[in-house]
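Data first, discussion second: the structure below is written as structure tokens.
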Amino acid sequence: MTERNRDWRVYTGTGQPRSSPVENLPKAPPWRQFPGAGHVEPRPVDDGGETARRIGQAANRRHLSTPHEVAMVNAAIYLRRPLLVTGRPGTGKSSLAYLIASELGLGPVLRWPIGSRTLLQDGLYSYDAIGRVQAANTRPHEEPDIGEFIHLGPLGTALLPYDLPRVLLVDELDKGDIDLPNDLLNAFEEGEYRIEQLVRIAKQQPEVTVMTDDWGGTATIKRGRVQCRAFPIVIITSNGEREFPPALLRRCLQLHLEPPNEKQLGAMVAAQFGPTEGVDVARLIGEFLQRSDEHGGLAADQLLNAVHLAVELVTAGVHQPDDDEWKSLLSAIWHPLQSRSVTS
């Protein structure tokens, strides 16, 4: 293969993990290179089965990504920019983060679910001031280590100075407070933040070990400042419930996911269930797609619910695809996602 024809893609979208973590990522643009310093524990390898729960077992996985989806993920990696992923519920927006982390061997996904009261501070770190006071009262002759009471959030952990990027999922940003997208700009642009409680004691205690968002993980913070070394692979999902400010959109690449087609749904089912003896999966997928068209779109997990129930009923010897009871169950499982207007 000539240099001219060499595949430029770091992420291929196959759904299959590499034999070893990705190395030698393409060089970041000069304006996206960060000199983060400090010691951080190696990223964990085991995520407690979270990836398998989200996207199925690796041995059964055959994710069918579109060329555009793969190209946009790679563009985000090359440019070190967040990828804003839109699409209706159930199109696999959140799953994309787990596919990237699994294929590239980048460790557990750092997931930050956004709610109506979520603040930037929630994603960066929390400081348990009350817990520290209580510890001081119970140990009057011992000064509690402030690091025991600082816990980095998903965003704060993702910006630690790892040699290889972590994958950060900012899930459903459109559900957050109207100011949150703008509040994120500095962290995404500068790749850093400050822990004010540590800045104030930097002269007396220049290094403090704090907890991270990984189970049992720790990191050493110098002079209260955290700056990344490898900008994280940031996947921001949105269901399109509201528009984002131009300042955020300028700093993100954008990818819209269409509802999965028949082949992609088949791949999802295979990843979660493997062989499904006694269940006509192709028929179920066809009925699902027809019902989805009739009701303005269903979510893929509604199909997975139906397949799981069908497998269980077949195992119990009671499922027949033309039973009235089964048809009634499907109608309940495949309920419309859009509320219908009520007329008097």
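The values are calculated or read from the model by the stated rules, or taken from the named source; none is laboratory data. Model, not experiment: these values are computed from the prediction. Glycine also receives a Cβ, built like all others from the backbone with ideal geometry; neighbour counts cover every protein chain displayed.
The figures follow:
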| quantity | calculated |
| --- | --- |
| Checklist (1) assigned to a helix (DSSP H, G or I); (2) exposed (fewer than 15 other Cβ atoms within 10 Å of the Cβ); (3) of a type in the set (Val, Ile, Thr) applied to residue 269, failing item | (2) |
| Contacts under 7 angstrom Cβ, first residue in the stretch 240-259 being in contact (Cβ under 8 Å) with a residue 60 or more places away in the chain, partner charged (D, E, K, R) and in a loop (DSSP other than H, G, I, E, B), 6 or more apart | 251/81; 252/81; 253/81; 259/88 |
| Top-ranked residue in the stretch 238-257 [being within 18 Å of the chain's Cα centre (by Cα) and assigned to a loop (DSSP other than H, G, I, E, B); ranked as nearest to residue 67 (Cα to Cα)] | 257 |
| Residues being on the phi > 0 side of the Ramachandran plot and exposed (fewer than 14 other Cβ atoms within 10 Å of the Cβ) - total across the stretch 212-252 | 2 |
| Number of positions in the stretch 190-237 that are of a type outside the set (A, V, I, L, M) and assigned to a loop (DSSP other than H, G, I, E, B) | 18 |
| Condition broken by residue 33, with the remaining ones in (1) modelled with pLDDT of 90 or more; (2) surrounded by fewer than 15 Cβ atoms within 10 Å (Cβ to Cβ); (3) farther than 17 Å from residue 233 by Cβ satisfied | (3) |
| Unique match (being at pLDDT 95 or above, of a type in the set (D, E, K, R), touching a Lys or Arg at 6+ places or on another chain (Cβ under 6 Å) and at negative phi) among 166, 194 | 194 |
| Residue check for residue 107: in contact (Cβ under 8 Å) with a residue 12 or more places away in the chain and within 30 Å of the chain's Cα centre (by Cα) | yes |
| Residue in the stretch 49-58 that is assigned to a loop (DSSP other than H, G, I, E, B) and in contact (Cβ under 8 Å) with a residue 24 or more places away in the chain present | yes |
| Members of the stretch 137-181 that are in a helix (DSSP H, G or I), under 23 Å from residue 204 (Cα atoms) and not polar (S, T, N, Q) | 146, 147, 148, 149 |
